[in-house]
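The values are calculated or read from the model by the stated rules, or taken from the named source; none is laboratory data. Here the structure is a predicted model, which is why all the values come from computation and not from measurement. Ideal geometry is used to build each Cβ from the backbone, glycine not excepted, and the neighbour counts take in all protein chains shown.
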Amino acid sequence: METRDLIIVGGGPAGMAAALAARAAGVGDVLLLERDQHLGGILNQCIHPGFGLHHFKAELTGPEYADRFVELVKGDPGIEVRLRSFAVKLTKDRELSFLRPGALEEVKARAVILATGCRERTREMILIPGSRPAGVYPAGLAQKMVNIEGWIPGREAVIIGSGDIGLIMARRMALEGVKVKAVVEIQKTSRGLVRNVVQCLEDFGIPLYFQHRVAAIRGRDRVESVDVVRVDDGLKDIPGSGFKITCDTALISVGLIPENELLEMAGAEIDRRTNTPVAAEVNLTSIPGVFACGNACKVYDLVDWVTRDSGVAGRMAAEYLAGGKAV
Amino acid sequence: MSHDVIIVGAGITGAAIARELSRYRLKILILEKEAEPAFGVSKSNSGIIHAGTQNPPTSLKGWLCVEGNRLMREELSGDLGLNFVQCGQLIVVFDLADLPELENIKTEGEALGVKGLEIVDRAWLDKNEPNLGPDVKAALYVPSAGIISPYRFVYALIENAVKNGAELKVLHKVTAIRVKGKEGFEVVAGGEVYRARYLVNAAGLYADEISAMAGAATFKITPRKGEEYLLDKKREHIARHIVFPLPSKTSKGILIIKTSDGNPMIGPTAHDIGDKEDLSTSDEGLAEVLAGARRMMPSISGGDIIAYFAGLRPVSGKDFVIRHEDPVPGLVNVAGIQSPGLTSAPAIAVMAADILRKHGLALEPREEFQRARPRPAHLFQIPPEETRRLIGKNPSYGDIVCRCELVSAQEVRDAVKRGARTLDGVKFRTRAQAGRCHGGFCTTRIMKIMQEELGLPVTAITKRGPGSELIKEERE
Ligand SMILES: Cc1cc2nc3c(=O)[nH]c(=O)nc-3n(C[C@H](O)[C@H](O)[C@H](O)COP(=O)(O)OP(=O)(O)OC[C@H]3O[C@@H](n4cnc5c(N)ncnc54)[C@H](O)[C@@H]3O)c2cc1C
Ligand SMILES: Cc1cc2nc3c(=O)[nH]c(=O)nc-3n(C[C@H](O)[C@H](O)[C@H](O)COP(=O)(O)OP(=O)(O)OC[C@H]3O[C@@H](n4cnc5c(N)ncnc54)[C@H](O)[C@@H]3O)c2cc1C
């Protein structure tokens, strides 16, 4: 089995920052695996501005922010980028298998950084009852449909949860002529950034219902309506407060979960509630020589902090490889 | 255009009958109202190949279940490349005072011909089913029970029937039936008229309406709803057997079910309802299922749930309704196929063929009948060497579409080639979108593959047939 110095799984902002930092810290050989056909991760579908205010002191869109790193990564001969390469297995001895069109490959690494990002929490995880028609999408999937494919998922939408992706999609859909009838949030405040509540909802006259929950999704083939009910401070339904909103689309924006299945497979300790690695410090895992950074390590609001912390992960890996510290 | 037999309904019952009849020199037509087979009751159930226990020894469903179980183990699973897993089942009691009830189930099961039944004590359970809660005192061990993917069972039967000459028409809802005496039936479906000497009614929840259309309003179907909750694959090994409590009057109770794709499942509830289209789940159903499952295995929690659904058992009295309707010569009803209908289907099919023969249909074997159907390739089921071989044959098996369940672009293409027309159809065949992210990552990619393979605009791609289009508009 071939052995590489550092393998990084995931070519989003976290993986790219880690690769560049590891190189700068002296690692000679980096293999960067990305399952998609492009580097950039989730940033590719975030065509709105709001990225890089801290890191670049400039307001960039997601793809613009990503491109600045893609250029650097591609220009570095010490980083081998493999696209459409999907890591499927990792052992505690850092043996990694990945699939790509045409091959199943196995490589061993002296150090591994997992930068696999997040997936979205689903309707199923918050157990919304009712039927299961077409038109219920995680907000990030709807974002991909609209921004990458140019597909408009519906005509009248309700957003469930006020996470940033939901807020941004409320605006995005409104800009595409979709009637966004409500954002329904069970808590008293938004989980999203204040600037997003203002810029995405208030500026577009989209009602935000705090302390309300969607109690059911209705419709046989396609979403027809959602049942909404008010809740008290203990999150219990307030009797008689229920009402119905007709719509053909329900977007779910109830948070992200780190993708750490590879790490779990390798036998690392994972916090079952948050799905994050259990370790003393950010970027570390319970397996020596295996690091996690970016959204796989913990959910970040801003990509700038992903870049900063992932750079630290790259340097930690370099140090580990240099045999210096028992990280 | 005339057929020997028209079968209404492409659920497990219609599919099994079509495959059984395709052994003979017959022109067979299957009419199905949905966009694909298995979109009725047969897609939403527990996937258990029951042993035959928990049925009265005199019941039709009891002996058809035992025979269906045997056919699965001895013939179909091999012939059709099915992923049948004989994991066995346990029926547990929480009070040793209930032991006589277990003895009774054992005696009744043995009368039906179920083999290997054994009452086991707590020490046996500690060794063989370690996650059971402390309240469980003893159990009946039923070794011949197993699990299967219900929709892939239907698809295998239908594909094999079609391979052997049967014709399938989906999106063909039967809306009228004219009885033409000796000439048989004229069946109106999908705007066309089809003729056949014999009509087999396997229309599930709507079998009462089809029978009435043909002039035999002899029974009524009541839906009995069952809610089921799937757990994360990480909990795959929570149970080694399918675990049952003692049965109630209307159902086998809330179970802990192993599924052949790995995710354990808990459920189903059993409540008679009025609406044949009501597949909604409820907060009450969830609470009932969790309480029932946790009584047997307290370590199961709501946080393990990754998906849920409801199914409707088509119930007409206590037993199946399988008979020739004498006042309407040529009409065979195969109705009220409640649980254990999935298990019984292969035996029901043999029985239906026999009824047809008794009523004058000549069953001449076709020498060219091909009983075998190769098992479709699924990366998630095979070892790395096999994966390598597949990718060597076709690089597209290395192109992963669904990351949660490890499904390649080629598997999605294969599914479409084998008949998938909808996102649900792709999901049922391949498991793409069936994992923890629920299609968050792969839905657009699958839609594009379907678009390519089917030559459709993306606005025509549906979740489960007309009316369930996924997007409203495509922009440049
Ligand atoms: C919809 C949305 C809107 C956002 N808006 C803003 C904003 O306005 N401003 C801001 O600063 N931040 C925003 N963020 C946050 C920021 O984009 C993320 O914090 C950042 O992209 C996380 O980077 P990452 O590299 O950890 O993960 P990702 O960008 O998700 O990258 C992970 C990469 O790993 C790959 N991968 C995963 N598993 C495997 C595997 N097994 N094998 C190979 N490759 C794999 C994936 O394909 C992906 O490319 C937003 C995030 C989202 C989701
Ligand atoms: C919750 C639940 C759990 C279960 N668990 C098990 C189990 O573990 N093991 C087991 O053995 N059994 C189980 N069952 C029972 C089993 O699922 C059913 O017995 C079986 O699926 C019935 O199959 P069917 O083909 O008769 O009906 P269906 O699958 O409903 O097929 C009938 C078909 O007819 C079509 N149709 C209806 N009307 C028309 C029309 N007018 N024109 C054309 N087509 C029409 C429908 O669209 C449908 O596809 C369970 C059932 C439920 C609900």
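Can you tell which of A:V303, A:V254 is surrounded by 22 or more Cβ atoms within 10 Å (Cβ to Cβ) and within 27 Å of A:D5 (Cβ to Cβ)? Can you show your working first?
Working: A:V254 fails: within 27 Å of A:D5 (Cβ to Cβ).
The match here is A:V303.
Does at least one position in segment B:37-53 carry a residue that is in contact with a Cys (Cβ under 6 Å, 6 or more places away or on another chain), in contact (Cβ under 8 Å) with a residue 24 or more places away in the chain and not aliphatic (A, V, I, L, M)?
The first filter runs over segment B:37-53 and keeps only residues in contact with a Cys (Cβ under 6 Å, 6 or more places away or on another chain), leaving B:50, B:52.
Keeping just the survivors that are in contact (Cβ under 8 Å) with a residue 24 or more places away in the chain gives B:50, B:52.
Now narrow it down to the ones that are not aliphatic (A, V, I, L, M): B:50, B:52.
Checking segment B:37-53: at least one residue is in contact with a Cys (Cβ under 6 Å, 6 or more places away or on another chain), in contact (Cβ under 8 Å) with a residue 24 or more places away in the chain and not aliphatic (A, V, I, L, M).
A:L72 is checked against (1) among the aliphatic types (A, V, I, L, M); (2) away from every other protein chain (no Cβ under 14 Å); (3) not in a helix (DSSP H, G or I) and fails just one. What number does that condition carry?
(3)
Name the single residue, out of those in segment B:310-354 being part of a helix (DSSP H, G or I) and in contact with a Cys (Cβ under 8 Å, 6 or more places away or on another chain), that is surrounded by the most Cβ atoms within 10 Å (Cβ to Cβ).
Filtering segment B:310-354 down to residues part of a helix (DSSP H, G or I) leaves B:341-354.
Narrowing further to those that are in contact with a Cys (Cβ under 8 Å, 6 or more places away or on another chain): B:343-344, B:347.
Numbers: B:T343: 29, B:S344: 33, B:A347: 23.
Looking at the filtered set, the residue picked out is B:S344.
Scan segment A:73-92 for residues that are closer than 16 Å to A:T3 by Cα and more than 12 Å from ligand 1 (Cβ to nearest atom) and jot them down.
If the condition is that a residue be closer than 16 Å to A:T3 by Cα and more than 12 Å from ligand 1 (Cβ to nearest atom), then A:G78, A:I79, A:E80, A:T91, A:K92 are the ones that fit.
Quick check: anything in segment A:130-153 within 16 Å of ligand 2 (Cβ to nearest atom) and either within 14 Å of chain B (Cβ to nearest Cβ) or modelled with pLDDT under 95 (or both)?
Here is the first cut: in segment A:130-153, the residues within 16 Å of ligand 2 (Cβ to nearest atom) are A:131-132.
The next check asks that each one be either within 14 Å of chain B (Cβ to nearest Cβ) or modelled with pLDDT under 95 (or both); those that pass are A:131-132.
Yes, segment A:130-153 has at least one match.
Would it be correct to say that A:R23 is assigned to a helix (DSSP H, G or I), of a type in the set (K, R), touching a helix residue (DSSP H, G or I) at 6+ places or on another chain (Cβ under 8 Å) and more than 14 Å from A:V306 (Cβ to Cβ)? Steps first, please.
On the way: assigned to a helix (DSSP H, G or I): yes; of a type in the set (K, R): yes; touching a helix residue (DSSP H, G or I) at 6+ places or on another chain (Cβ under 8 Å): yes; more than 14 Å from A:V306 (Cβ to Cβ): yes.
Spelling it out, A:R23 is indeed assigned to a helix (DSSP H, G or I), of a type in the set (K, R), touching a helix residue (DSSP H, G or I) at 6+ places or on another chain (Cβ under 8 Å) and more than 14 Å from A:V306 (Cβ to Cβ).
Scan segment A:1-47 residue by residue and report those that are more than 14 Å from chain B (Cβ to nearest Cβ), surrounded by fewer than 18 Cβ atoms within 10 Å (Cβ to Cβ) and near ligand 1 (Cβ under 9 Å from one of its atoms).
Hits for segment A:1-47: nothing passes.
What about A:Y65, is it in a strand (DSSP E or B) and either outside the structural domain of A:A22 (by TED's automatic domain parsing) or under 17 Å from the mean Cα position of the chain (by Cα) (or both)?
Values: in a strand (DSSP E or B): no; either outside the structural domain of A:A22 (by TED's automatic domain parsing) or under 17 Å from the mean Cα position of the chain (by Cα) (or both): yes.
When the stated conditions are applied, A:Y65 does not pass them.
Within the bounds of segment A:122-136, is there any residue that is within 23 Å of B:S408 (Cα to Cα) and either part of a strand (DSSP E or B) or without any contact (Cβ under 8 Å) to a residue 24 or more places away in the chain (or both)? Lay out the reasoning, then the answer.
First pass over segment A:122-136, keeping only residues within 23 Å of B:S408 (Cα to Cα): A:122.
Narrowing the set further to residues that are either part of a strand (DSSP E or B) or without any contact (Cβ under 8 Å) to a residue 24 or more places away in the chain (or both) leaves none.
No, that holds for no residue.
Would you list the strands (runs of 3 or more DSSP E) that sit entirely within segment B:218-292 and hold 1 or more residues that are within 12 Å of chain A (Cβ to nearest Cβ)? Can you show your working first?
Working: elements: B:222-231, B:242-244, B:255-257, B:265-267.
Because the criterion is at least 1 residues that are within 12 Å of chain A (Cβ to nearest Cβ), the strands (runs of 3 or more DSSP E) in segment B:218-292 that meet it are B:222-231.
Would you be able to say whether some residue in segment A:49-58 is in contact with a helix residue (DSSP H, G or I) (Cβ under 9 Å, 6 or more places away or on another chain) and either closer than 23 Å to B:I400 by Cα or within 7 Å of ligand 1 (Cβ to nearest atom) (or both)?
yes
For segment A:217-327, which fully contained strands (runs of 3 or more DSSP E) count at least 1 residues that are more than 16 Å from the chain's Cα centre (by Cα)? Walk me through how you get there before you give the answer.
Values: elements: A:225-230, A:243-246, A:249-252, A:256-258, A:290-292.
Per the criteria, A:225-230, A:243-246, A:249-252, A:290-292.
So for segment B:364-377 (the condition being within 14 Å of another protein chain (Cβ to nearest Cβ) and either charged (D, E, K, R) or in contact with a helix residue (DSSP H, G or I) (Cβ under 8 Å, 6 or more places away or on another chain) (or both)), does at least one residue qualify?
Let us first name the residues in segment B:364-377 that are within 14 Å of another protein chain (Cβ to nearest Cβ), namely B:377.
After this cut, where a residue has to be either charged (D, E, K, R) or in contact with a helix residue (DSSP H, G or I) (Cβ under 8 Å, 6 or more places away or on another chain) (or both) as well, the list is B:377.
Yes, because at least one residue in segment B:364-377 is within 14 Å of another protein chain (Cβ to nearest Cβ) and either charged (D, E, K, R) or in contact with a helix residue (DSSP H, G or I) (Cβ under 8 Å, 6 or more places away or on another chain) (or both).
Given the options B:T443, B:T387, B:T422, name the one that is within 10 Å of chain A (Cβ to nearest Cβ), hydroxyl-bearing (S, T, Y) and closer than 21 Å to A:A139 by Cβ.
So the residue among B:T443, B:T387, B:T422 that is within 10 Å of chain A (Cβ to nearest Cβ), hydroxyl-bearing (S, T, Y) and closer than 21 Å to A:A139 by Cβ is B:T443.
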